Amino acid sequence: MDTHEKETFLQTYQWAQDWSQLPWAHDEPTLFLAEICKQRPRGKALDIGCGAGTDSVYLAQQGWDVTSLDFVPKALEFTQQRARDAGVDVTPVEADITQWQPPHAFDLVLDHGLLHNMDPVRYDAYRECIVSAVAPDGDFVLLHWHPLFPGQPSGEVGPTRVSREDIKKFFAPEFQERFYAREEFEDLPDMVGGGMTQAYYWFRRNQAHWQPAELVEQVRKTFARNNYEPDTGSTPELPAGRLARLIGPGRFGITHTVPEDADAADLLAEWAKAAGDEVVSLFHHFASDEHSKLCGATPKCQVCDVSFCKRLRYR
């Protein structure tokens, strides 16, 4: 991290006599963490920019093996002291996330407001670290500020406000948004730009990106289950918008937004380079009301084996 950013944080920690005096201190765990703890077995968690330590301590109390990472020593001191007071252990790591190499994959990675305080010149290094840190079936939770209104400036000291679309684009195609929530703050100091929208993201790996051959196999299994043999020598015509919906985030997730209809064929053709020559024909058959009658205007999810599809993935 460059000098002016690091100095800003160092000065804040030097001023704070207690973790609760930090401007970003929060008493409750970050949104989505409690739900993740309900849904999955405990594993290894990484709290990036652990700050006041609230989330690190909460996860440790829930049975996670927690690594607390921050580039400010006092942040780690606060976190460790709070962990000791709570009767749990965390593993402190003093490091800049953009210069750190994860020693292994983590089942849960959390960023409660680090990215939106980062110099954009380090975004690529940050992203590379996140991609390597999250396990294949891991969860990634992000808190980031958004504009309260279009064109709102970020303020003298930030944090940087970014739209939901830009966040999803930044993490695509490796990650796909599972849940999104927001809350608005209308009156904040002018130095941080006044009001803002605080957004929470719960990301998972985009399986269509990581396992394209498996997605194709699931499509084939669905054909077999329904006694349909596609003629891959032909490519059925689809109604306007149908292919775009199939490869968009609401179904297969090959793209992070529903593409323009004119772009859908090219996007599928590009993805098909890693998935096999027959994919384009297979997907057209799959979405055809006149042929397989499986994933048309009204998808027949009850007879589908494509678990990567969002319509089935979280049911």
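Can you tally the net charge around S281? Count Lys and Arg as +1, Asp and Glu as -1, for every other residue whose Cβ sits under 13 Å from the Cβ of S281.
-4
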Report summary line: Excluding residues fewer than 8 positions from K169 in its own chain, the lysines with Cα under 27 Å of it are K44, K273, K310
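Roughly how many debye, to the nearest 20, is the charge dipole of the chain about its Cα centre, given +1 on each Lys and Arg Cβ, -1 on each Asp and Glu Cβ, and no other charges?
Details: 31 positive and 48 negative charges, 258 e Å.
Value, rounded to 20: 1240 debye.
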Query raised in the report: Which lysines, on any chain, are close to K74 with Cα under 22 Å apart, when same-chain ones fewer than 8 places away are left out?
Result: K6
Report summary line: Residues whose modelled amide H sits under 5 Å from the amide H of L294, counting only those 5 or more places away in sequence or on another chain, are S288
Report summary line: Once the dipole of the chain is set up from charges on Cβ (+1 Lys and Arg, -1 Asp and Glu), the residue from the list I36, A60, Y126 lying farthest towards its positive end is I36
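Sort K310, K293 by Cβ crowding within 10 Å, fewest neighbours at the top. Walk me through the intermediate numbers first.
Details: K310 17, K293 14.
By the 10 Å Cβ count, ascending: K293, K310.
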Query raised in the report: Separation of the stretch 245-310 and the stretch 2-74 by C-alpha centroid, Å?
Result: 40 Å
Query raised in the report: Hey, of (i) 13; (ii) 27; (iii) 38, which did the structure itself give for percent of Cα pairs over 37 Å apart when calculated?
Result: (ii)
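With a Förster radius of 30 Å, plug the Cβ-Cβ distance of Q11 and Q152 into 1/(1 + (r/R0)^6) and report the FRET value to the nearest 0.05.
Numbers: r = 26 Å, r/R0 = 0.86.
According to the calculation, E is roughly 0.70.
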Query raised in the report: What number, rounded to the nearest 500 deg cm²/dmol, is the helix-based mean residue ellipticity at 222 nm of the chain, given -39500 (n - 2.57) per DSSP H run of at least four residues and division by all its residues?
Result: -10000 deg cm²/dmol
Report task. Report the calculated FRET efficiency for K293 and D266 (r = Cβ-Cβ distance, R0 = 30 Å), to the nearest 0.05. Result -> 0.70
Query raised in the report: Label-point separation (nm) for T257 and E35, each offset 7 Å from Cα along Cα-to-Cβ?
Result: 2.3 nm
Query raised in the report: Using 19 Å as the cut-off for backbone N distance, which residues of the stretch 5-29 belong to the label zone defined by a point 7 Å from the Cα of A125 along Cα→Cβ?
Result: 5-10
Query raised in the report: What residues qualify as long-range amide H neighbours of T91, i.e. H under 5 Å apart, gap of 5 or more or another chain, H built at 1.01 Å from N?
Result: V66, T67, S68
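Quick note: the coordinates plus some simple rules give every number you see, no bench work behind them. Everything numeric in this text was worked out from a predicted model, so none of it was measured. All Cβ positions, even for glycine, are placed from backbone atoms using ideal geometry, and neighbour counts span all protein chains on display.
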